[in-house]
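Below is one structure, written out as C-alpha cells; comments come after it.
Nothing in this text is a laboratory measurement; each read-out follows from the coordinates by a stated rule. Please read all numbers here as calculations on a predicted model, not as lab measurements. Positions of Cβ are generated from backbone atoms using ideal geometry, with glycine treated the same way; all protein chains shown enter the neighbour counts.
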Amino acid sequence: MDESFEPLLLVIGGDALVERVCAELTATAGHQVRVAWSLDAKREHAFRSLGVTVTSLDPRSDDSLRAAGVMEAASLLALSEDDGLNLSIGLRARNLNPKIRVVLRQFNVTLGEKLEQVLPDCATLSPAVHSAATYAASALDQGCFFGLRFPETYGALLGFGTYGASDLGVSGLTVGQAEERLDARIVAVDTRSDPPRGAIIGRHDTVVTFGRVHESAGPKREPNPDGSTAAPRRGERSFPSSLWPAATAAFHRANPILRTFAILAVLFFSASYCYFHFALGKTWLAAAFYVTETMTNVGFGEVGVTQRGPAITLGAITAMLGGIVFTSIFIGSVASALTRAQWNAMQGLRRIRARKHVVICGGGKIGTAVLNLLTAAGKRVIVIEPNPDADLVRRARERDVDLLTGDASQAGCLDMCAIPHASAVLALTDSDETNLEIALGARVRSQTVPLVVRMEDASFANATSSLFGLSTFSPAALSAPVLAGLSRFPGTRGRVRYADDDFTVGQREQGEHPERPPAPICTALFVWRHGYLKMIRDFEEMQPFDTVLFSVPLSQFRTKTK
C-alpha cells in the first residue's frame, strides 16, 4: 500500500512507555507512526530504529500540533506523564480535527470515565490501575499471568492462568466437563487454542484457563521421609511448644547491655540474700524480704543495724547502693521502652501478628490500586510505605489496612510483617533494584512465600525471575499493547500469550441485535449481563445489550514481527 494512503497515528510523549507503545504499533502494517515530543539524541535514535517518524513538539502550542500532523491524523495518543497536559492536548486536537480518535493516559480513573462518556471516540487508560489487576491476581493465584477487571473499575477480577491438568484435577475429563468443574474457560490445552468441548485433557497436559481469580492454597511443605512435616527452613519461624524456648529466644534477642545488667542484678541479689541469711541468722524467706526491702530503698527495717557490727552495717550500705543502681537502671529501661513504643506507634512501626495476609511494599499509585483490589477480595493487607499519603493513613486509622511507615528494604520492617505466614509479598516501588532487594529479603525469611515484583527492565526481570523464583511484571509492558490497540480498535483490554501465539483481549458492547466481533477468528470468553458475570463458549449465546469479552489471535493480522 502506498504510504501516503496509510492512516497516521500521532503519539505525544517520549518516555519508556511511549517507546513500548511505538514498538507495538510498528509490529503491524497498514499505518504510519509519528512521535511528536522534544527528545534527547538517545531516545530519538531508539524511536527512529523502530521505523517511527520523529518531530519536535511544543505541547502547549496549537501550531505545533498542526505541524506534527494532527489535521490528517486518524488517532492521537497523548501519553506524557502529566494527566493535565494529556487532557489539554487531547481536547485541543479534537477541536482542530473533529474526526480524530483520542487516546489519553490518565491516572485519574474517575475523570477518564467521564471523558469517555461525554467525548465521542475517546479512550483513556491508567497504566497503574490497569497493571494492578495483574499484580493482585498473581498474588491471589500464583498460576495467574494476566488479570483484568470485567467490566472495568467495578467488575469482577478475572485472570488467565497456566496449570498442570493433574494439579487442577481435570485430567481425563473433556474440555466441557473441565469448564463446568472449574467454572472457567479453558482457552488452550498445550499448543491447541480454543480446544473443542469434546477434547480429552491428558494427565500431563498444560491447561490455560480464564475465569474468576480465586485464592490458591499456596505451596505446601514437603514431608520428611518419616512422614512428618518438614522443619521450617532458614528464615521461617514456628510457634514454640512451651514457654522455655520462647523465653530463651527472647533472652538472646535482648539488648546485650541490658542483658548483662540483668545478670549482674540477679547475682547481686543472690549474694546479698546469702549474706544476710548467714550473718543475721534469718530464714531464707525473711532474708529475701529484707534484701528486697533494702534494694528498693524502702528501708532496711532494723533500726539497730548499726549496733550489730561493721560487717552488718557495710553489708546494708552495699545493698542500698546496689539497689539504687539497679533500680535506676530498671526504671530507665522501662521508660526507654515506653518512649520507644510510643514513637513506633506514632510511626506505624509495630509487630503485626497475622496469617494468610498479603504484604505490599510500596504505597504509590500501583500499590494503592493493588490494595483496593485485594481488600475488595477480602484479604488482610499490610502496606509498608515510608511516606504514606493522607488517604492511606486514613484507611490505616479506620483499620481497613495495616500500615508500617518504614523502608521495606530494611530488615526491621519485614521482620514485623510475619513473612513466613503471608500468602504473598508484593514489591511495588518505582525502583527495580529496591524491589529485588525487598524480594530477596522476603525470600530469606521464607523459602515458600510467593513473590510478585514490579520490574521495568525486561532483561533484568527475566534474569531474576528464573534465578530467584519471582513473578515479575512491568506496568509499561502490560499497558503498552492496550494503548496501541485502543488507537485503532475500541474496547482493547490487554495482550496475553498462550498456545505459542499472542492474543488481544477485547470488549464489545452489544446493542439490541448482538453481533460477533468482526475478526475472522476469535474466542468468546465471558459476558456481563444485567449485573452478572456469565461464561460463554459461542457468540450465539449472546443476548441483547450484553457486554462481551473475547480474545483474538494476532497471527491472523501481523505481517511483520518486532
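What does the charge add up to near F460, with Lys and Arg as +1, Asp and Glu as -1, over the other residues with Cβ less than 12 Å from its Cβ? Kindly include the intermediate steps, with their values, before the conclusion.
Numbers: positive: R454; negative: D432, E433, E456, D457.
Computed value for this residue: -3.
Note on A16 and T339: the extension gain reaches 111.6 nm, defined as 0.36 nm multiplied by sequence separation minus the Cα-Cα distance. Here the residues T492, T547, T55, T283, ranked from fewest to most Cβ neighbours within 10 Å of their Cβ, fall in the order T283, T55, T547, T492. The HN-Hα couplings worked out from phi for the range 394-400 by the Karplus form 6.51 cos²θ - 1.76 cosθ + 1.60 (θ = phi - 60°) are 4, 5, 5, 5, 7, 6, 7 Hz, whole numbers, x standing for Gly and Pro.
On average, how much area does the Cα convex hull of the range 3-125 cover when viewed from any direction, in nm²? Numbers along the way, then the final one.
Values: hull surface 28.1 nm².
The orientation-averaged projected area of the Cα hull of the range 3-125 comes to 7.0 nm².
Cβ-Cβ distance of D430 and E398, R₀ of 25 Å, FRET efficiency by 1/(1 + (r/R0)^6): the value works out to about 0.40. Residues of the range 439-466 with an amide N closer than 19 Å to a point placed 7 Å from the Cα of D415 along the Cα-to-Cβ direction: 439-447.
Loop-resident GluC sites (Glu not before Pro) (DSSP state other than H, G, I, E or B) in the range 476-562 with no more than 16 further Cβ atoms inside 10 Å of their Cβ: E512, E515.
Summing +1 for each Lys or Arg and -1 for each Asp or Glu, what net charge is found among the other residues whose Cβ lies under 12 Å from the Cβ of L96? Please list the in-between numbers first.
Numbers: positive: R66, R92, R94, K99; negative: D62, D63, E72.
After counting each charged neighbour, the total is +1.
Across q = 0.12 Å⁻¹, the range 363-469 modelled as identical point scatterers on its alpha-carbon atoms has Debye log10 I(q)/I(0) values of -0.39, in the order of the q list. Backbone amide hydrogens, once placed in the peptide plane, bring G494 within less than 5 Å of V505, excluding anything fewer than 5 places away on its chain. Stretching the chain fully between R351 and T53 yields a gain of 101.8 nm (0.36 nm per residue, less the alpha carbon separation). Ordered by the count of other Cβ atoms within 10 Å of each Cβ, fewest first, K356, K379 give K356, K379. Annotation: amide H of L403 within the under-5 Å range of V383, sequence separation 5 or more or interchain, hydrogens built in the peptide plane. Counted by neighbouring Cβ atoms within 10 Å, the residues Y275, Y498, Y135 run from fewest to most as Y275, Y498, Y135.
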